[in-house]
Amino acid sequence: MYNRRKFIQTTALSAAVVTLNKACITKNAITNKPIVISTWDFGVAANAEAWKILSTKGKALDAVENGVKVAEADVNNQSVGYGGLPDRDGIVTLDASIMDHLGNCGAVLALEQIKHPISVARLVMEKTPHIMLAGDGALQFAIEQGFKTENILTENSKKEWEKWLKTAKYEPVSNIENKLYDKAAPEKLPGNQYNHDTIGMLALDSQGNLAGACTTSGMAYKLHGRIGDSPIIGAGLYVDSEVGGATATGVGEEVVRNVGSFLVVELMRQGYSPEEACKEAIKRIVKKKMSSTKDLQVGFLALNKNGEYGAYAIQQGFTFAVCDSRKQDLIVKGKSHY
Ligand code: ASP
């Protein structure tokens, strides 16, 4: 029989632990701001742009938008924005989301023909009563807001898609990035490009405000209309100014199933460090999937209110870039489950 006394004791104890953990988060004065972190090696160039804003006392929200735009505009980056690999029908569809320290957020899903989906997501946040716009509606909104439509499928990405078509089954390969990634010799692939997709960025500005942005062309050769985790608030991105922010990369379906970024932030609220929180979230994904995680990649990146950061991934090879007053081009190898 359930013992009421025990319940009260347990509850009191949990409350004490939570209070203690909250104290851990708030006790330390903010020590490391401004700071910006982002996923993968291509985060270095994106952080540099964000740093121009942060280092001159600019806002975290402006920093993350302008930062990830560097990756979106990079023609050699085949997993974000312009030049991204298309879906199985040869159409590039982009997902992006943005969130500020007040909990405001905006997202676009499966947006076509627009080079900078993150800026459209920001306007969804600022100019509409909604959070998400998808497909044709998102495109219509972007055009109304003055965005120029253009062909965002580059010759290079088109050629790769045509090559893929020759052997492809009429279904997406859900972990294409790991399949294409030559683990034995990652340097053979320019910039390890196939192993990574989304750019997720988190920034803490000199006022102590947090913001995050996340943008991707999603899984290469996905079914037309497939949406990943990146534009789903709580999955690919989450920011809570009381605690910190988190973002995700890798197979979006697994991130959505576990509401990954929200989970990481909630774990930090309970007192986990950013790295511990990412590790625990990865552990839950691995536990649910059991042995089928061998070829699955998911990585989380987190930044807390004190400017402390951490990351964790299922597979080796996940990197992230850090930029603060001490170091502007740091690339950190994320720890991993395998
Ligand atoms: N999370 C992205 C998606 O599922 C892709 C990635 O980051 O690898 O669309």
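The values are calculated or read from the model by the stated rules, or taken from the named source; none is laboratory data. None of the values given here were measured: they were computed from a predicted structure. Cβ: placed from backbone, ideal geometry, glycine included. Neighbour counts: every protein chain shown.
In the range 217-232 there is no residue matching the filter, namely being in a strand (DSSP E or B) and over 22 Å from ALA168 (Cβ atoms).
Restricting attention to the range 99-116, the residues that are touching a Gly at 6+ places or on another chain (Cβ under 8 Å) and closer than 20 Å to LYS59 by Cβ total 2.
For the range 280-290, the condition holds for no residue, the condition being that it is crowded, with 24+ Cβ neighbours inside 10 Å and either part of a loop (DSSP other than H, G, I, E, B) or more than 16 Å from the ligand (Cβ to nearest atom) (or both).
I'd like the full set of residues that are touching a helix residue (DSSP H, G or I) at 6+ places or on another chain (Cβ under 6 Å), assigned to a helix (DSSP H, G or I) and not small (Gly, Ala, Ser), limited to the range 268-279. Once the filter is applied, which keeps residues that are touching a helix residue (DSSP H, G or I) at 6+ places or on another chain (Cβ under 6 Å), assigned to a helix (DSSP H, G or I) and not small (Gly, Ala, Ser), the range 268-279 yields MET268, CYS278. Any residue at all in the range 67-75 that is farther than 28 Å from ILE152 by Cβ and either within 16 Å of the ligand (Cβ to nearest atom) or modelled with pLDDT of 95 or more (or both)? Scanning the range 67-75 turns up no residue that is farther than 28 Å from ILE152 by Cβ and either within 16 Å of the ligand (Cβ to nearest atom) or modelled with pLDDT of 95 or more (or both).
What residue, among those in the range 291-300 that are hydrophobic (A, V, I, L, M, F, W, C) and in a strand (DSSP E or B), is farthest from GLY245 (Cα to Cα)? Ranking the qualifying residues of the range 291-300, first place goes to VAL298. Output yes when any residue across the range 291-307 is free of Cβ contacts under 8 Å to residues at least 40 places away in the same chain and buried (at least 24 other Cβ atoms within 10 Å of the Cβ), and no when none is. No, there is no match, as no residue in the range 291-307 is free of Cβ contacts under 8 Å to residues at least 40 places away in the same chain and buried (at least 24 other Cβ atoms within 10 Å of the Cβ). In the range 76-92, is there at least one residue being modelled with pLDDT of 95 or more and at positive phi? Scanning the range 76-92 turns up at least one residue that is modelled with pLDDT of 95 or more and at positive phi.
Note on the range 241-261: residues that are more than 12 Å from the ligand (Cβ to nearest atom) and either under 16 Å from SER336 (Cα atoms) or among the acidic types (Asp, Glu) (or both) total 1. When you check GLU126 against the structure, is it under 20 Å from TRP40 (Cβ atoms) and either touching a residue at least 12 places away in the same chain (Cβ under 8 Å) or surrounded by fewer than 24 Cβ atoms within 10 Å (Cβ to Cβ) (or both), yes or no? So GLU126 fails the test.
Within the range 43-69, which residues are under 13 Å from the mean Cα position of the chain (by Cα) and of a type in the set (A, V, I, L, M, F, W, C)? Result: VAL64, VAL68. Say we look at the range 222-240 and pick out the residues that are under 22 Å from GLY208 (Cα atoms) and not charged (D, E, K, R); which of these is farthest from the ligand (Cβ to nearest atom)? Top of the filtered list is VAL239. Tell me, yes or no, whether the range 106-123 has at least one residue that is surrounded by 15 or more Cβ atoms within 10 Å (Cβ to Cβ), on the phi < 0 side of the Ramachandran plot, hydroxyl-bearing (Ser, Thr, Tyr) and modelled with pLDDT of 95 or more. Yes, because at least one residue in the range 106-123 is surrounded by 15 or more Cβ atoms within 10 Å (Cβ to Cβ), on the phi < 0 side of the Ramachandran plot, hydroxyl-bearing (Ser, Thr, Tyr) and modelled with pLDDT of 95 or more. The condition (being part of a helix (DSSP H, G or I), surrounded by 23 or more Cβ atoms within 10 Å (Cβ to Cβ) and within 12 Å of the chain's Cα centre (by Cα)) is satisfied by just one residue among VAL255, VAL265, VAL239: VAL255.
Filtering the range 36-47 to residues that are part of a helix (DSSP H, G or I) and closer than 19 Å to GLY310 by Cα leaves GLY43, VAL44, ALA46, ASN47.
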